[in-house]
Structure formats: structure tokens, C-alpha cells
1. Being in contact with a strand residue (DSSP E or B) (Cβ under 8 Å, 6 or more places away or on another chain), buried (at least 20 other Cβ atoms within 10 Å of the Cβ) and farther than 28 Å from residue 693 by Cα is true for just one of 417, 474. Which residue is that?
2. Could you check the range 73-83 and list, in sequence order, the residues that are buried (at least 22 other Cβ atoms within 10 Å of the Cβ) and closer than 10 Å to residue 192 by Cβ?
3. Name the helices (runs of 4 or more DSSP H) wholly within the range 144-200 that hold at least 2 residues that are at pLDDT 90 or above and either touching a helix residue (DSSP H, G or I) at 6+ places or on another chain (Cβ under 6 Å) or crowded, with 22+ Cβ neighbours inside 10 Å (or both)?
4. Any idea which of 484, 520 is without any contact (Cβ under 8 Å) to a residue 12 or more places away in the chain, out of contact with any helix residue (DSSP H, G or I) (no Cβ under 6 Å at 6 or more places or on another chain) and surrounded by fewer than 24 Cβ atoms within 10 Å (Cβ to Cβ)?
5. Name, by its number, the condition in (1) under 28 Å from residue 741 (Cα atoms); (2) part of a strand (DSSP E or B) that does not hold for residue 524.
6. May I ask you to list the residues in the range 432-453 that are in contact with a strand residue (DSSP E or B) (Cβ under 7 Å, 6 or more places away or on another chain) and on the phi < 0 side of the Ramachandran plot?
7. Please specify each residue of the range 370-400 satisfying the condition of being within 16 Å of residue 436 (Cβ to Cβ), in a loop (DSSP other than H, G, I, E, B) and out of contact with any strand residue (DSSP E or B) (no Cβ under 7 Å at 6 or more places or on another chain).
8. Being outside any loop (DSSP other than H, G, I, E, B), at pLDDT below 90 and closer than 30 Å to residue 199 by Cα narrows it down to one residue among 133, 49, 70; which is it?
């Protein structure tokens, strides 16, 4: 029909306008298609869909204990999607999904009619699952009505391309692995684990409907935040499943009555099981990926979807953390009561000032070049603040300095348990609370080890040919060539008349004897022996080494003690066993590092175990037997440093070596008394409570029921002597117990 032949001008102009409008629309659509409004992904690009994947950290017993991610996503195969999950998605989001080719024109025109002509804002968006997938893969970046139209057109074009490349199953696979569920949770597997602590393949129909229901509004229908709205939306999804014949009426009516039961598990950086362990694994992975990428790989722990299989035993870690909390809560209370109102973190201005100036808030203000008075005025300003305690968090009016004082009083802990045969770390507790104390007392802290170093001294003595029944006087000595240094014991002056066998001296941790054993064994020999046992830290070439003045990391001390139950060879503690791709292709496997050479003879090994068993049975760690009633085969050593700054306990069983340290991060504050701060009181209970809990679980029988090898008759005979001998009558008659013997320390 020719427009100029139409006589009515209004009809003619109207038709002309329609033709022009159609031409403009076609021209506009074409301009979008050819990329004039922004590039549209080609079919080739769409054949390799990639999205960020979280790396997963697993315990040795296959429990997912953490993730590293920018987007929390764990892609899973389509075969792991239960049928009712995909049915719920299709029913509520795109009921003609299997009949269209990416764009549902019927739905689109319905939405356009309701939205534009009827102004019905509840009509929905009309986007198919394929279009929604495109929207997730290529998020909209510009706002405005025209940009919205452009974005919709692009999504339609790309959706049709996707459907020409992928099957319907593949579209669902990509959609459910890509889509966001809010809170930086992406993909159905991450959402299933977060809200129900279940893998996707195990979720029920109501659970699937709950998660699918969230897709309309991830916050508004979040079942944790808005449970009632979530249930209403869930039921609407199941109604849609009924309307589309995925459920019969009886099923629908029954399932709608199902209560919402969440098992919420947020893989939070600060919370969850073994946070210090996960952080150490992360640090080691960063170094590993850096080395890998330097040789041509392209790996990122936050986006590559790696699977990291660790050595940690999940059940043991849970029990150890329970034991730690149980012990440290009581110890903290005893510690604070012992100081009362005269606590140094409250009254000692020098300590308070140093602590404040070492704090992050102070350093941040100092970096701004503010005057000291202004900094302190700012830090003293009161505000509403929540402070953590062992009982519950308290919200009070407090200043930053008040907060610094509050947290500086907290005792901390480092506790490590390893398999001595391999070095596999089974338990790693780097502190009491990762949220408030990020400092890891296993991997980062070096503290004086106290009497836990003495077994190395005694091992050296045995290797130097000094028999276990050699007697040493407990008399205090003032060493003239060591600036009158005079190590003492905590016992009575009557000890001056006693001579200890090596077994009795070690089990009772007699300081004066330890120094004399070191003198006879030789400092250089002892340092060399420590190296053979795996200690690489530079040790002080001083007689005080016998009392544990060396500062050593917990994992290094554990390494040394593994020699006693690993045939004289130390094993290096390690955390990661294997790293794979998200499809379980092995990238790297990490093998145990066992020393090639033995650190000491088999005879020395057997004698030292007997000496450390005596520590548990009758010595400084006897409360293992008396208080905690543990009957397991255990050897070990307590340790307490000068001024009660550090408390230690090393527990050695045939299948497990455990090292525990307890103290304060501020080196200027120690325990008020030895009664509270000694290793047997401050550190030992964490191990004892842990072992008690393991004894109740038959899964750990291979550890708890393991027995030490019996020593040979020759070894038993070498230990067959009285534990102590008194000086003779005349010697006692003329010896003044209050007077120290004066001599030079003989270095060799």
C-alpha cells in the first residue's frame, strides 16, 4: 500500500510514523547486535565459560574445614543436582524452559503488556533461565531506562547463542553453579553447605525449594534473616512444582507443612574449626602458588578452585579445642583472681604505656604525625564497645585504651599435636581466639622453652657415655666465671644434702643438676645434639641453656621430641598432603620429611623414654596419673621459665607428640606465682583433658591404646639404682646448706 494514496492525512501520518518507528527499532536492535552499544560475547567466547571458584580445604578425615575465595563458589557436576532441584528452578523461574531457545517470547510479551499497559510492577522480568545466566556471567554496569533496554537485548542475543552451544542440562549446570545466593555465596553447592550443611545431592525438596526461592531476592528471602518470608516463598515454589506436575497434591500439601530447619555454617575467616591452622595453610599456599606461577602455571588460591587435602584430624581438632576452652577459661579466672586489684595491666603505668604504644590504633594515629596529647586524648575517648570474655561478650562504655588493657590480660596458648612417624600435624591451636588474637603462637612465636629442653641435655649426656645412674649433687653452686650466676631449685635447703640419679633429677626437673649434667656433657655437644634432633634455631652457647633459656618455636620443639618415638629420627611437622584441581586431578603431593640419620643410639632412646615416663608417673607431671587418672602409655616433660613467664608441657605417646605452651603475649607480665604458672598447672591440663576426651572415642584406640616398646634387660639394669643418695654423715656434718659452693663452670 502506498502512503501517498491514502487521503486521510491523520491515517497517512500515523502509518508513516509507525513505519519510521519500526525502522528505528530495527536499526536500534541491529546496532545493539553488532556491538555499537558494547561488545557482545561471541559464540567462541561462550564455549569456554569461566568463573571464579573457591579453593576448598579438607581435613585428613575428609571434612570441609574452610575455603579461600573472592566469590564463595564450588562448582559441582550436573549429576549431583537432585531432580527436584532442577524441577523447582524450572517451575518457578522458567516453566517453558524446555520449549524455548533462550528467549520466551510469550512470557516476554505478557510481562511487557502487564508492566507497560497495566502498570503491574509484580509481573516479573520475563527473563528465561538462559537470560538470567547471561546476566550473571556479564553483569549490567550502567543504569537508566535506555541502558536497561540495551542490556535486555544483549541478554536475549547471548541467551540464544548459549542455547545453540549448550544443551538444556548444560545451561542448568552453568546457571546453578554460577548464580548468587547473597552474602558472597555463589552456586548451589556453596549455598547448600552454608544454609543446611549438606551437599547439594543430599538436600530435600523443601530445602531445594528454599534455596531456589532465594533467587528472586537473595536478602529478602534469606531463611536465616527472614524465616517467615522464606517459608512463604518456599511454599510458593512447591506450589509452582505442583502446577507443573512435578509434585502431586498430596506431596505438595504434606511438604508445605514441613518446618524450616537450618544448619547454618558460614565459612568465615575468623570463625569455625582450626582458624589458625587454616591461616597457616593459606600462607603456605600463597608461597606455593608463587613458586608454581614462576615456572609457568596460572594458579590462584582464591579463584582457581583448588582442593587442598591437609593432615589435620577433624575430630581430634574439635576435642582439642574443647579441652583448650575448658582449661583456659578456668585458668584465666584463677590468673585474674591471683592478682586481684593490683593487676599490672591495670596499675603498672610503664607496662600500660608500652602496650598502648605497641597497639595498632596508636600506630595509626602516630603515622598521621599527631601530637602525643592528641593521640592519647583520642584513645581515651569513651564510646559504646563490645568486649569479649570467656563467658560472653559485654557491651559497655569504654575507651580504646580500656580495650587495650582488657585484651592485654588474656592468657594465650599454642598447642600442636603431630604424628611422630610422619610429621603430619593432627591438631593445631595457635591461640585462644583468632578473631581477637591473630598472632599464631605455633608458627610465629619463639619463647623460652624452660625445662622442656632438659631431655636434650640428658640425651647428650647419655650419648657422651654418662650412665643414667650417675649421681649429681643438688647443692646450689655459684659460678665465679659466670658473674656469680647461681641457678637454684624450688625445693627446700635440705636438697643440698641430696645426690640425684639422672632419672630422678629429670623427672623432678632439678635445675642445679641439669646445669651440672650440661657441664659434664659439654655445651657444644648439647647444641650439636639439638641440631641432630631437628632444632635449627641458633642456641645460646651459655650454661643457662640447661634451664631452657633458648627461644624456640613450638613446631620446632615438637620436631625434636619426635625422635624419641620415631627410632631416633626426627620428622618435620607438615600441614598439606595433596593439592588437586576442582576435578580431582593431582597437582602436587607432599611427602613426609624424615631425617636420614638417627640422632642417638637405640639404647639412649630407650633410657630417655624411661626417664620421661618417670616424669609422668612420679615426677612434675604426676597429676596426669593422680588428678586426671590417665592410664595411657605416656612420657613427657613440664617446663616453667624464669618469673613464671612461660608454661610448657610436652606429652609423648607412641603415636602422638603434643606440645603446649601457655603465657601472655606481653613478656613483661608473668603468672603471679609458680603454683599457677608452672607447666604442670598452666599447660599440662590442656593435654590431659584432650587425652581424656580421646580415650572415650574408640576411633582413637590406635593412638590411646598404643604401647611403648619394652626396654631391653640391659637398659632396665642400667636404671636399677636408688633415685637419690644422701651425702655421708661427715659431709652432712660439715656442709652448710645455706652456703653456696663456689667454682668455675668448665666449658668443653
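1. Result: 474 is the single residue among 417, 474 that is in contact with a strand residue (DSSP E or B) (Cβ under 8 Å, 6 or more places away or on another chain), buried (at least 20 other Cβ atoms within 10 Å of the Cβ) and farther than 28 Å from residue 693 by Cα.
2. 74
3. Because the criterion is at least 2 residues that are at pLDDT 90 or above and either touching a helix residue (DSSP H, G or I) at 6+ places or on another chain (Cβ under 6 Å) or crowded, with 22+ Cβ neighbours inside 10 Å (or both), the helices (runs of 4 or more DSSP H) in the range 144-200 that meet it are 168-178, 188-196.
4. The conditions single out 484.
5. The single condition residue 524 does not satisfy is (2).
6. 432, 437, 441, 442, 445, 446, 447, 448, 449, 451, 452
7. Across the range 370-400, the qualifying residues are 388, 389, 390, 391, 392.
8. 133
The values are calculated or read from the model by the stated rules, or taken from the named source; none is laboratory data. Computed from a predicted model, the values in this text were never measured in an experiment. Here Cβ is always computed from backbone atoms with ideal geometry, including for glycine, and neighbour counts include all displayed protein chains.
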